[in-house]
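Undergrad: Would you mind keeping the following structure in view while I ask a few things?
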Amino acid sequence: MTPHRGGTPFLKRSRIWSVTLLFVAAAASAQTLETLRLSRQQAIDEALARNPTLAAARAQVEEARANVVTAAAFADPTFVADVAGQSHILNPASRNGSDQGFGITLPFPGKRGLRRDVATADLRAAEFNLTQLRQQVASQAAQSYDAILVALRHRDDLQQSKELASDFVKKTQARFLGGTVARVDVVKAETDLAQAENDLFASDRAIATARAALNRVLGRTGGAPLETTTTLEVPGRIAAIESLEKLAEASRPEISTLLAQQQGAKTATKLAGEFWLPDVNLSVTRNAPDGAPASFTTAAGFSVPLFFWQHQRGEVAAAKHREEELAANLADIRAQVSLDIQTAYTNASTSLRQAAFIRDHLLPQAQEVYRIASVSYGLGGSSALDLLDAKRTLLAAESQYVDALGAANDALAALELAAGAPLPPPPAGEQHP
C-alpha cells in the first residue's frame with residue numbers, strides 16, 4: 001500500500017528536511033560572523049561595554065537614582081466627594097446634601113530632605129557596586145585573554161615538538177640505514193612523533209575552550225570567531241607593597257560602598273528619631289446641603305506618638321543597630337583588603353621572579369642541552385634515549401615558561417583588582433621584582 005502525503009513517511013521526511021535546513025541556517029549564520037581581532041586592552045574595553053552583568057548593574061544604578069526622586073516626592077493630594085441624606089443606598093438622587101473635599105499632606109520641615117539623603121546614600125552605594133563589578137569583569141577579561149595566549153603558546157611549543165620529532169625520525173632512519181642503531185630506535189622515534197601529533201590535537205580543545213570563555217565575558221556566543229593580537233611577555237616590575245596598600249585603602253569600591261552606607265544609616269537614624277514630629281494633613285471641604293447656602297469646613301490632623309516606646313524599640317533601635325553592623329563590616333573589609341593586597345602582592349612578585357628565572361636561566365640551559373644532544377646524536381655519539389631525554393627536558397622548560405608567563409600576567413590582574421585601581425609605575429629606587 002502506497003502511503004499518501006498525509007502518512008507517516010511524509011511527515012518523517014518533512015521533519016528531516018526541517019532539521020537539515022535549521023543546521024544549514026545555523027552554519028551559515030556562524031560563517032557570517034565577523035572575526036573579532038582584539039588586543040588585551042581592547043578585550044577589556046569590549047567586556048566593559050558589552051558584558052550583560054554590567055548592563056544589569058547599570059540598570060540597578062538607574063533604579064536607585066529613580067528612588068531618590070521617589071523619596072523626595074510630595075504625597076499626591078486627595079479629592080473626596082460624597083452625597084448625604086439618601087433615602088436608599090442605591091438611590092443617590094434622594095440625597096439632601098453633598099460634600100466635596102480636597103486634602104494634602106505636608107511633611108514636617110526637614111523630613112523630606114532626610115529621606116532624599118538616605119536614598120542618595122543608596123544611590124552612591126549602587127554606583128560603587130557598579131565600579132567594583134567593572135573591576136571584576138576587567139580582571140576576568142584580562143585573565144581569559146591570557147588563557148588564550150597561554151593555549152596558543154603551548155600549541156606553538158607542541159608544533160616545535162612535532163618538528164623536532166620529525167627531525168629525530170629522519171636522523172634515526174639515516175643511522176638505521178647506516179647500521180649504527182637498532183630498529184627499536186626507529187620505532188621509538190616514530191612513537192615520539194605520534195605522541196607529538198596527539199598532543200597537538202589536545203591543544204586545539206584548550207584553545208577553543210579559552211576562546212569560548214573570553215567570548216562569554218564579552219557577551220558573545222561561545223563559538224564566535226576571535227583572534228588575539230597581543231603577545232605573552234614577562235610583565236614589568238611592580239611598586240612597593242606599602243604604596244599599594246595606601247592605594248587600596250583609597251580606591252577599593254567595597255570600602256567606599258560601606259562608607260556611603262554608613263552615612264545613609266546615620267541619616268536614617270536621625271529620620272527614625274523624628275517620630276515625635278509627625279506630618280500634617282490639611283483638608284478643605286465644601287458642604288452643600290439642599291435648600292441651604294453652601295459652607296466650607298477646614299480641617300488639620302496629625303498622628304500623636306502616644307505609644308512612643310514602640311518607635312524607640314522598633315525603627316529607632318533598628319537604625320542604630322544598622323550603624324553598628326556597618327561599622328563592624330567596615331573594620332572587617334579593611335582587614336580583608338589588607339589581606340588581599342598581601343596575598344596578591346606575594347603571588348605577583350613570586351610569579352614575576354619565576355618567569356624571569358625560567359627565561360634567563362632554565363630555558364637557555366635546556367635549549368643548549370638539546371642542541372648538544374641533537375648534534376651528538378646526528379654524529380653517532382649519543383643514544384636515542386639521551387636525545388629523547390633532552391627533548392623532554394626542553395619541552396618541560398618551555399611549558400613551564402609559558403605557564404609562568406600566564407601566571408605572572410594573571411597575578412598582576414589579581415593585584416590590580418586587589419588594589420581597586422590601575423597599578424602605578426614604581427618610582428626610582430622602589431622597584432620590586
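Bear in mind these aren't lab numbers, they're just calculated from the coordinates by the rules spelled out. Quick caveat: nothing in here was measured; it's all calculated off a predicted structure. Positions of Cβ are generated from backbone atoms using ideal geometry, with glycine treated the same way; all protein chains shown enter the neighbour counts.
Undergrad: Over what distance in Å are the Cα centres of the stretch 190-223 and the stretch 282-309 separated?
TA: Using only Cα atoms, the two centres lie 79 Å from each other.
Undergrad: Same structure, new question: Roughly how many nanometres apart are two label points built 7 Å out from the Cα toward the Cβ at residue 80 and residue 277?
TA: In this crude label model, residue 80 to residue 277 measures out at 2.7 nm.
Undergrad: What FRET efficiency would be calculated for the residue pair residue 336, residue 243, taking the C-beta separation as r and a Förster radius of 22 Å, to the nearest 0.05?
TA: The value I calculate is 0.70.
Undergrad: Counting only GluC sites (Glu not before Pro) that are in a DSSP loop and have at most 16 other C-beta atoms within 10 Å, tell me the longest site-free stretch of the chain.
TA: Free of exposed loop sites, the longest segment is 35-232.
Undergrad: Which whole number of Å³ per residue matches the convex hull of the alpha-carbon atoms in the stretch 265-363?
TA: Expressed per residue, the convex hull around the Cα atoms of the stretch 265-363 is 182 Å³.
Undergrad: Next question. Which ordering of 88, 321, 311 is given by a fewest-first count of other beta-carbon atoms within 10 Å?
TA: Fewest to most other Cβ atoms nearby, the residues stand as 88, 321, 311.
Undergrad: Run the simple label-point estimate for residue 270 and residue 184 please: 7 Å along Cα→C-beta, distance reported in nm.
TA: 8.9
Undergrad: Given a 10 angstrom Cα cut-off, can you work out which residue in 140, 100, 160 is the most mobile in a GNM of the chain?
TA: In the Gaussian network model the winner is 100.
Undergrad: Rounded to the nearest Å, what's the spacing between the alpha carbon centres of the stretch 355-379 and the stretch 55-115? Just the number, please.
TA: Cα centres, the stretch 355-379 to the stretch 55-115: 83 Å.
Undergrad: Hey, which aspartates and glutamates would be in cross-link range of residue 111, C-alpha to C-alpha under 18 Å, not counting anything within fewer than 8 residues on its own chain?
TA: 76, 122, 274, 279, 315
Undergrad: Work out which trypsin sites (Lys or Arg not before Pro) in the chain are exposed loop sites (DSSP not H, G, I, E or B, at most 16 other Cβ within 10 Å) and give the longest gap free of them.
TA: That would be 238-433.
Undergrad: Here's something else I'd like to know. With a cut-off of 16 Å, note down the residues of the stretch 302-343 whose backbone N falls inside the zone around a label point 7 Å from the Cα of residue 108 toward its beta carbon.
TA: Answer for this model: 302-317.
Undergrad: Select one label from (1) 12; (2) 50; (3) 24: the one whose number is percent of Cα pairs over 43 Å apart as derived from the coordinates shown.
TA: Among (1) 12; (2) 50; (3) 24, the one derived from this structure is (2).
Undergrad: Suppose the chain between residue 327 and residue 227 were pulled fully straight at 0.36 nm per residue; how much longer would it get relative to their current alpha carbon spacing?
TA: Gain in length upon complete extension: 31.3 nm.
Undergrad: Further question: Among the lysines, which fall within straight-line cross-link reach of residue 391, defined as a Cα-Cα distance under 27 Å, with same-chain neighbours fewer than 8 residues apart omitted?
TA: Cα-Cα hits under 27 Å: 162, 170, 171, 188.
Undergrad: Hey, another quick one. Can you list which of the chymotrypsin sites (Phe, Trp or Tyr not before Pro) found in the stretch 249-327 are DSSP loop residues with at most 14 other C-beta atoms within 10 Å?
TA: Loop-located and lightly packed - 307.
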